[in-house]
Every structure is written in C-alpha cells, then in structure tokens.
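Notes follow once the structure below has been shown.
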Amino acid sequence: MFCFVLDFCGAPHRVLPIVSMIGLLACTPPADTSPRGPDSESLAPTGTPVAPKPDDPTPGPDKPDVTWSAVSIDFDDLEGFRPVVGDVYPEASFTSESGFDVRAITVGQGNSDPHYACTTRTGSTSPSCEEAFFVDFTRPIRGLRFFATGTNRTGPVATVQLFADSASLGTESIEGWGTQSSPEVSEVDLSGYTGVTRLEIVDVDDPAGLGWDDFTFEQQDP
C-alpha cells in the first residue's frame, strides 16, 4: 500500500488513501443553504417558512355588509270604518301627539284610493288632520317619499324633522300647491336621507288640515 504526502486544509499530512478521502471531505466547505430563486422571500433567515398574511376582512364594493328591501305603505289594505293605523305594519308605526290617533280615512283626497292617513282625537272617527304626525321605523330606512294630501294653500304647509335614533338628521319644509276651492296633493321627497328611524311632521298650517299617503322607502334588512 502506498502512502502519499498531501496538503489538506492548508497543512501537510502523511495519511493512507482512505484517510485522505476523509480529509478531503472534511475540507469541503458546507453547502450553501441560503434561499434562491423567486421563492426565497417566503423563508425567514433561519429557513423557517413565513406564515401568509390573512385576507383583509374589510368589506369592499363587491362584499356589501348591509342590504335593503323596498317597502310601500299606502293604507289601502286596511279594512273597516276608519281603522286606527298604529303599529299595524311591521315596518313602521304611525302615531300622533297625546290624545290623538292616526286613522285610515276615506274621503277621496288621497293620492291612492281608498285610504290616506290622518289624525283624529282618540275615541273619535272624525278627522282633524291638524295635529303632529309621527312615524317610527322598526329598522333604518333610506329613499323616503310620501304625499301630503288636501293642501289648500300654496307655500309651506308643515315642517318635517328626521332622526336617526335620537340624533337629528335634518329639517325640511313641506310645500303646498292647492287653493281653498281646489285642494291638491304634494309629493314630499326626502330620498337624500339615509339611516332614518323616526319622522316627525309638525307645525301643520293648512286651512283644512293635511292627510298623508303612499309612503315608499327602502328598509335595512335584519
């Protein structure tokens, strides 16, 4: 068996061939395990995979968090002689100031037949139509429109206040277009308001009072 003097790792040694092979392996530098290629950013410096970031939970335009349904209340489905409206409808309740109710009236001055809503003294079916008129929505609404019926003068005939819970959203004037001899129906467009939960119609100033009809809006789904 031959022996060789070989210089491994910078120092000469007299070794057997098999030992020389071990020395050769010992002098081989460690393999480079650092990440390479386009996937290198998915590893931390220690080589531990980095957990991906969770999806952004914030709703976007294609993931709406609120939906709305169209609602129409015209009082024409109520039966009986001038029934109290109250909370007959699941979407909204219709009331007045203390000592008065809201009833469905049939006189021929509604925007749609046969009924419109009007205030009456509690216990009486005779329409007064001069008291405050309140609407409480069971869930927030938007796009509200309705009609003031029997306006007998031109100009402001009432004031409407809108609320989101206890916060005021705004106040608008209701305009009439009729005369004493020719009452008219006036549309009230409040479609610019969103999140309305309560409506108050106050300061009615019309010679024969006012009725209210055909409430249409979109209501937030449960």
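The values are calculated or read from the model by the stated rules, or taken from the named source; none is laboratory data. All figures in this text were calculated on a predicted structure; none of them were measured in a lab. When we count neighbours, we look across all protein chains shown, and the Cβ atoms used for this are built from the backbone with ideal geometry, even at glycine. Areas reflect the complete protein model, heavy atoms only, side chains present, ligands, DNA and RNA absent. Shrake-Rupley method; radii C 1.70, N 1.55, O 1.52, S 1.80 Å.
Select from the range 87-115 the residues that are part of a loop (DSSP other than H, G, I, E, B), modelled with pLDDT of 95 or more and over 29 Å from G192 (Cβ atoms) and list them in ascending order.
Of everything in the range 87-115, those that are part of a loop (DSSP other than H, G, I, E, B), modelled with pLDDT of 95 or more and over 29 Å from G192 (Cβ atoms) turn out to be S98, G99.
Looking at the structure I just gave you, is I174 buried (at least 21 other Cβ atoms within 10 Å of the Cβ), modelled with pLDDT of 95 or more, of a type in the set (V, I, T) and touching a Phe, Trp or Tyr at 6+ places or on another chain (Cβ under 9 Å)?
Considered against the rule, which asks whether it is buried (at least 21 other Cβ atoms within 10 Å of the Cβ), modelled with pLDDT of 95 or more, of a type in the set (V, I, T) and touching a Phe, Trp or Tyr at 6+ places or on another chain (Cβ under 9 Å), I174 comes out as no.
Do you know which of the residues in the range 177-199 that are of a type outside the set (S, T, Y), open to solvent by 20 Å² or more (accessible area, probe 1.4 Å) and more than 16 Å from the chain's Cα centre (by Cα) is farthest from A70 (Cα to Cα)?
In this case the residue turns out to be Q180.
Taking the condition of being more than 35 Å from the chain's Cα centre (by Cα), more than 26 Å from S182 (Cβ to Cβ) and of a type in the set (G, A, S), how many residues in the range 118-155 meet it?
Of the residues in the range 118-155, the ones more than 35 Å from the chain's Cα centre (by Cα) are 121-128, 152-154.
Filter once more, so that each one left must be more than 26 Å from S182 (Cβ to Cβ): 121-125.
Now narrow it down to the ones that are of a type in the set (G, A, S): 123-124.
Number of matching residues: 2.
Taking G192, is it small (G, A, S) and free of Cβ contacts under 8 Å to residues at least 40 places away in the same chain?
On the way: small (G, A, S): yes; free of Cβ contacts under 8 Å to residues at least 40 places away in the same chain: yes.
Answer is yes for this residue.
Can you go through C129, C118 and tell me which one is part of a strand (DSSP E or B), modelled with pLDDT of 95 or more and crowded, with 18+ Cβ neighbours inside 10 Å?
Testing whether each residue is part of a strand (DSSP E or B), modelled with pLDDT of 95 or more and crowded, with 18+ Cβ neighbours inside 10 Å leaves just C118.
Tally time: how many residues in the range 174-222 are part of a loop (DSSP other than H, G, I, E, B) and either touching an Asp or Glu at 6+ places or on another chain (Cβ under 7 Å) or of a type in the set (G, A, S) (or both)?
6
Determine which member of the set S98, S93 is open to solvent by less than 60 Å² (accessible area, probe 1.4 Å) and among the hydroxyl-bearing types (S, T, Y).
S93
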